[in-house]
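What follows is a short report on a single structure.
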Amino acid sequence: MHVFIGGAFNGKHEYVRRWLKEKELIDVEWYIGQLPREPTSKTVVVTGLENMIKPLLEQDELSLSTTIVEQLQLLAKKHQIIIIATEMGRGIVPINPQDRQLRDTLGRLYQQLFAVSDHVTRIWYGLAEEIK
């Protein structure tokens, strides 16, 4: 798995599109706000994890993040998995309890994703920095 992470509107999607083109990866499926069930392409891009977990916040955050990571690991056995993650842990702490819970749950999820991913790249205003 390869995770690309950065703040909102920092050029993550555009960077990944260019990166895929440079790697000559053309058999690509994009999933926004959902995990793929039965992808048919060799490369799968998953983005919008925050939208996917927002309606599931009543679940235990560790169990939720573990389930998502396990599903992605299963997919990674047959597909190249690319994840575009929006960093929400920096900056002002949200006043709304649900927004705080979303931020915290994403933080747990990202920790687990980073641990099992082969590569992690931070995108900052279109510039890439390899973290792992």
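The values are calculated or read from the model by the stated rules, or taken from the named source; none is laboratory data. Not measured: the values here are computed from a predicted model. Note that we place each Cβ from the backbone using ideal geometry, even for glycine, and neighbour counts take in every protein chain shown.
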Over segment 77-132, the set of residues among the β-branched types (Val, Ile, Thr), surrounded by fewer than 18 Cβ atoms within 10 Å (Cβ to Cβ) and not in a loop (DSSP other than H, G, I, E, B) is 116
If the Cβ limit is 6 Å and pairs must be 6+ apart or interchain, which residue in segment 68-83 that is within 17 Å of residue 114 (Cβ to Cβ) pairs with which residue that is among the aliphatic types (A, V, I, L, M) and assigned to a loop (DSSP other than H, G, I, E, B)? 71/35; 76/1; 81/1
Would you tally the residues in segment 93-109 being of a type in the set (Asp, Glu) and at pLDDT below 90? 0
Taking segment 28-67 and keeping residues out of contact with any helix residue (DSSP H, G or I) (no Cβ under 7 Å at 6 or more places or on another chain), of a type in the set (D, E, K, R) and modelled with pLDDT under 95 leaves 37, 38, 58, 60
Does residue 92 qualify as being within 16 Å of the chain's Cα centre (by Cα) and under 24 Å from residue 9 (Cα atoms)? no
Determine whether segment 82-92 contains at least one residue that is farther than 22 Å from residue 19 by Cα and at pLDDT 95 or above. no
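What's the total number of residues in segment 4-56 that are of a type in the set (A, V, I, L, M) and more than 13 Å from the chain's Cα centre (by Cα)?
So the count comes out to 5.
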What is the residue count in segment 7-36 for residues that are outside any helix (DSSP H, G or I) and either acidic (Asp, Glu) or on the phi < 0 side of the Ramachandran plot (or both)? 16
